[in-house]
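Working notes, structure below.
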Amino acid sequence: MGKFNVCGLNNRWFVFKFIGGQYQFPCGFADCPLFNRDTYHILSVASKRSVIIAFYINIYSLKLDFSMCFLSRFMKPFALLLGGFLLGIQLYGQDLSRQKYYRLVDSRGRVLEVAANAGNNDRILLDAKEKGNIGQAWQLIKLDKDIYQVKMAAATKNIDNGNRRSPNGNPALLWDSDRGNENQHWRFRELSTGKFIVTSIKSGQNLAAKERNGNGYLFQVPADSTDITQLWALEPIKEKLKFPPPFKGEAWEDESIFAVHKEPTHASYIPFPGISSLKSDPSFLDTGTSTRSPWIFSLNGDWKFHWVKQPSERPLDFYKVNFDDQSWKYITVPSNMEMEGYGTPIYTNITYPFKNDPPRVMGAVPADWTAAKEPNPVGSYRKEFELPADWDGKEVFLHFDGVISAMYVWVNGKKVGYSENSFSPAEFNITSFLKPGKNLVAVEVYKYSDGSYLEDQDMTRFSGIHRRVYLMAVPKLHIRDIAVNNQFEDHFSKAILSIDAHVKNSGRKLKSAAYLDASLLDPGGNVAVKFKPVQVDRLQKNWEAAYVLKAEVDQPELWNAEHPVLYNVLLELKDADGNTLEAINIKHGFREVSIRDGQLLLNGEPILLKGVNRHEIHPTLGKAVSVESMLQDIMLMKKHNINTVRTCHYPNDPLWLKLCDAYGLYLIDEANHETHGHQQIAKYPSWQPAIIDRTVRLVERDKNHPAVIIWSLGNEAGGGPNFVAARQAVKNLDTTRPVHYEGMNSVADIESNMYPSVDYIIKRGEADSEKPYFMCEYAHAMGNSVGNLQEYWDAIESHKRLIGGCIWEWVDQGLAVPVPGDASGAVYYAYGGDLGDKPNDGTFSIKGLVTSDRQVKAPLLEVKKVYEYVKFKDAGIVDGKVLLINKYDFTNLSGYQFHWTVLEDGHVIKEGVETLGALQPNKSLMMNLPITKIPWKQGSEYLLNVEVRLGEDQLWAKKGHSVAFEQFSMPVSVANIPPLPITDKADKIHVNENRESVKIFNNSFILEFDKQSGMMKTLKYGNQSYVTNTDEGLQLDIYRAMLDNDHTGDWGQAYDTRKLGFDHPSFKLVEMQVQERGSVVYVHTNMEATTNSGFSLQVRLDYTVNADGNIAVSATVVPATTRYFIPRIGLKMALQGDLNLATWYGRGPQENYIDRETSAPLGIYHLPVSKMIEPYEKPQSMGNREDLRWLQLTNPESKKGIRVVTRSKMSFSALHVSEIDLGTAAHLYQLHPGKTTYLHLDAYQMGVGNGSCGPIQLPKYLVPDNTCHLSFIIQPI
């Protein structure tokens, strides 16, 4: 550490340095081995002559120079004391962060430099020193002894190692400052030269100056003591830096401005002039998604519209009444501009579509980004309307349910206000702006604003007025807000119902008191309770007061997702004479949410959340989702046993909540917060008001919905004080619901994680905590996916602390686009990049359980099976005993039917229907089935199918809908392996062998092998050829067109085995033998298959050919030991003959895989091969069916074809496109099915797993690199 000068009188000088763990004294002092490298000490030297010590500490250069003047009047003890004091001074002086700014200088005298407005992932340059350049100024933020973060002076970004550790080094990058991010932790170690080595705590590599393309860049590289590029000097900056002036943008680039003249949010309600009009309204009579209230005036429909690509081009005077908009076109409201042909939808997951520089959204971006062409589109909307004549004297509010992302509003040429927050309502009091008759409303909508930083959800980025717009009229004295709550007594037999009403006087001071009157109507429409009226004070103008009405309700029917019982709470505001001033209705569900003993309880009953995450998206409407689409989603969810929806990641359309109340779905209602690309916003004080405002508006709008059982503070928005404040804001408003926030579990009542493994949730289930554990996202449903779902739920149902999870995600986010060159009107579903959007995350938008147009995918059927509410156990099925367990939380089974079926080799031989009675929740019932007298046949396979169906119509499904099933194998007989049929009626078999081929034939068939390769080259039955060359014949198959979930490891990289040559292995024939034995010919081949990556397999194929054309195939495959995942081991054929009808005995009817077969019972199924294509918008391997017994592929017209009878366990797929086609096409429309049927017969195929975002396949579902066998018979039909 530095140099110490010790000076005495009479020119007595002593100089010593700290070298290699010792202080060296050239003047005769003894060496002192008491000091360690990287620690700094003051040696107190005192002689018999006492000293005065004067010192100067140059803490900027980190060199400590001490002058010690030895005098004769002071004693040794005092010198020792001062020496210790100096030690403390020196230790304190090693804090590099005490200097405000440094330059970091490399061995060539260049300094680190970045642009003052640099962003995340920007690289760090080395350039010549420039005095006053803020881009060359850095702060050292001390974390621990000699460990610092290196922060830009001009921005809250640090030097980051990029979360990498390459053997050859990698660029150091900029990233948002985060004290807890170890990638930003650097150890500064000073050498005796005064230079520093700067080492990453995370990677162990050193910062170094490296040259690339003629420029110097900052890298991290492996440590090398001989590399001078790893040496750095710290130069204190003493001159004044040129800081840019504080940024002060427009409201849409100012995080402190998010609402101007915006009304406080209130509960969703519809005002009426009286009870009679209220009770005759659709909002009262049905689910509340429409209204004819005379006090609601819809502004939906056609608006005049003008679009520009950036704010500087917008029409500045468009809001004026006399503005000429004759040349403008019309746009539908609600809608997204992009879906109406204005601007580009951009799909991005994490990366902001603009420069990441909060609160700015107009920074320079790369030239190929969409924002370079469309920097910040602005839509200008105008609409004229006639104010209803009977609204005179009313307060009138302009209400927007949702606008992306920011808007200014004018009425009749006067500015009304401003709003951000794309998914919460914006309401403005426009009474003073209106005039009788014709009025004009004008809205200026910005696609991007500072609010967009809080809306970095994994979704397509749209803009526009995407939800309803309407005017609402109320009397001067009106109910501004209402909250309805209940508390239970006597084990839910009694409820105290409370109505908290906020009454506001917007007119003159009341001359007389008014009062509030309320009643409760039961589900049948009868008055259950009359509340005692409450008097309203004579309020001053613009005063608001809160009033509470309470009543006891005996034996209320309770609301839950299984029985969504809704009452109607009618509230009237009346004048002193009893005349109704205003009437509103709130649909109320009596229910209680609580947490106890680590479980989530509804009405005192532990519940499991069988959930999905649902974005609001439609392939032709974008985010302007219709009620019809909402209902379609709800019907599908209910039919597939889904009971929970997380409103990812923003408040959903208020109409959605009304539907969930009525149809019965639990909601995790999430605030509009996601800062995935800039999570440090959670710690920025200037953003806290906006975050709290969004949280409050969520709770205030949705507080009366029984479907909402959990509040969520947001998603992937980081942790920090802003979310501590957000939690408190929720609790200040509502203590009846728990809070969830995966980004900061410490502020949540529920612990949660995303995409954990099965083993991890088991550990969390065993942990001692009062908080329930919840997977807010899991089972990433991207493409052919949702593996091992059963294992997740086996863990959940065996650990009481585990309360379930929400699958990511419900629906593909594709947008309907015309197929290029197709005149028929056909569409495909575009994902990231298809529309020219950049940056984008490609196919990552296609990861739903249903397709963009709501077709059911096979993974959803697995979800239905695993989520089912009735379980079955073998209690002695040979004797007809099946234990049925009711796993519903609130439903007895009196409205259900029990069906059973016995199958013999796939055919029904006996079936029946039994009644269940009122089997209570979580109770079991022994079913005794009359099957003991069935005559079992030796050699046949028997299966028992049991099923529970709806016995009566429900709101969401018709009678007969299946809610649960199970299949049991009857242990009465074991199916024999079928022998090779030999018939005396067949023509004599012939063998014709030459140098090129071996031909085996008679009058009914031809089978030919190529002697150079050992491959089958001809297979013909009668006049129909099924194989015509060696490419079509049986051969080894190890390639599977990469699934979205095929990854190198948990959270790993995409695993495409084409890069390893698995799609085109080379074959070398090692041995081929042909033997004739009577009416049978034996063909033996032995070959080696090798990929271009060096992976090899030994393949033995034995054919036993009978005179009637039956061919028994036995395959033995011995793979070499490999570090690669093997996707499959099997055989494939490309069959001719237009074989378009598949009939099989195996699992089905939908595709299934080894880790997704619970939902696919064994049976005999029929399906056109052309229908075995699965609707994965990004094609990938598909169509597998496990546990094949036999398969027939036939020509529907000729009824001819081939039959495969298995003699070993195997799966199959049959498609009119090849695996190569599936791996090549970017979209389904690019597949061109032909008449060839590509048949795959697999001994093993890897499961589908969840690896596209989370854990890959479980070890037991991987393909082992062990010897495997396949055995089957090919027969003519």
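Nothing in this text is a laboratory measurement; each read-out follows from the coordinates by a stated rule. All of these numbers come straight from a predicted model, not from anything done at the bench. Every residue, glycine as well, gets a Cβ built from its backbone with ideal geometry; the counts of neighbours run over all protein chains shown.
Data for the structure
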| quantity | calculated |
| --- | --- |
| Length gained when the stretch residue 223-residue 1084 is fully extended (0.36 nm per residue, less Cα-Cα span) | 304.1 nm |
| Whole-number percent relative contact order across region 172-228, with pairs defined as alpha carbons under 8 Å at least 6 apart | 24 |
| Using a Förster distance of 60 Å, the FRET efficiency for residue 928-residue 1277 (Cβ separation, nearest 0.05) | 0.90 |
| Compactness index (Cα Rg / 2.2 N^0.38 Å), region 905-954 | 1.50 |
| Karplus-derived HN-Hα couplings along region 580-594 (A = 6.51, B = -1.76, C = 1.60, θ = phi - 60°), whole Hz, x at Gly and Pro | 6, 8, 7, 9, 9, 10, 10, 7, 10, x, 6, 6, 9, 10, 8 |
| Calculated from backbone phi, Karplus (6.51, -1.76, 1.60) coupling profile of region 1261-1274 in Hz, x at Gly/Pro | 9, 8, 7, x, 8, 10, 4, 10, 10, 10, 8, 7, 10, 9 |
| Directionally averaged shadow of region 98-236, computed from the convex hull of its alpha-carbon atoms, nm² | 7.8 |
| Cut-off 10 Å between beta-carbons: net charge of the residues surrounding residue 433, Lys and Arg +1, Asp and Glu -1 | +3 |
| Largest-first principal axis extents, alpha carbons of region 678-803, Å | 43, 32, 30 |
| HN-Hα J in Hz across region 120-133 - Karplus 6.51, -1.76, 1.60, θ = phi - 60°, x for Gly and Pro | 4, 6, 5, 8, 10, 8, 10, 8, 5, 4, 10, 4, x, 6 |
| DSSP beta bridge pairing in region 754-853, given as percent antiparallel to the nearest 5 | 45 |
| Given (i) 54; (ii) 61; (iii) 46, the label whose value is percent of Cα pairs over 44 Å apart derived from this model | (i) |
| Placed amide H near residue 1018: partners under 5 Å, 5+ positions off or other chain | 1008 |
| Region 1186-1277: GluC sites (Glu not before Pro) in DSSP loop, at most 11 other beta carbons within 10 Å | 1197 |
| Computed [θ] at 222 nm, helices only, for the chain once each DSSP H run of length n ≥ 4 contributes -39500 (n - 2.57) | -2500 deg cm²/dmol |
| Efficiency of FRET between residue 166 and residue 873 - r from beta-carbon atoms, R0 45 angstrom, step 0.05 | 0.25 |
| Filtered trypsin sites (Lys or Arg not before Pro), region 455-506: DSSP coil and at most 10 other beta carbons within 10 Å | none |
| Estimated inter-spin distance, residue 384 and residue 1004, nm [label 7 Å along Cα→Cβ] | 8.6 |
| Region 197-291: chymotrypsin sites (Phe, Trp or Tyr not before Pro) in DSSP loop, at most 14 other beta carbons within 10 Å | 247 |
| Amide H within-cut-off set for residue 290, under 5 Å, with H built and near neighbours excluded | 283 |
| Two-decimal Rg to Rh for region 990-1276 - Kirkwood Rh, Cα set | 0.96 |
| Built amide H within the under 5 Å cut-off of residue 463, gap 5+ | 337, 338 |
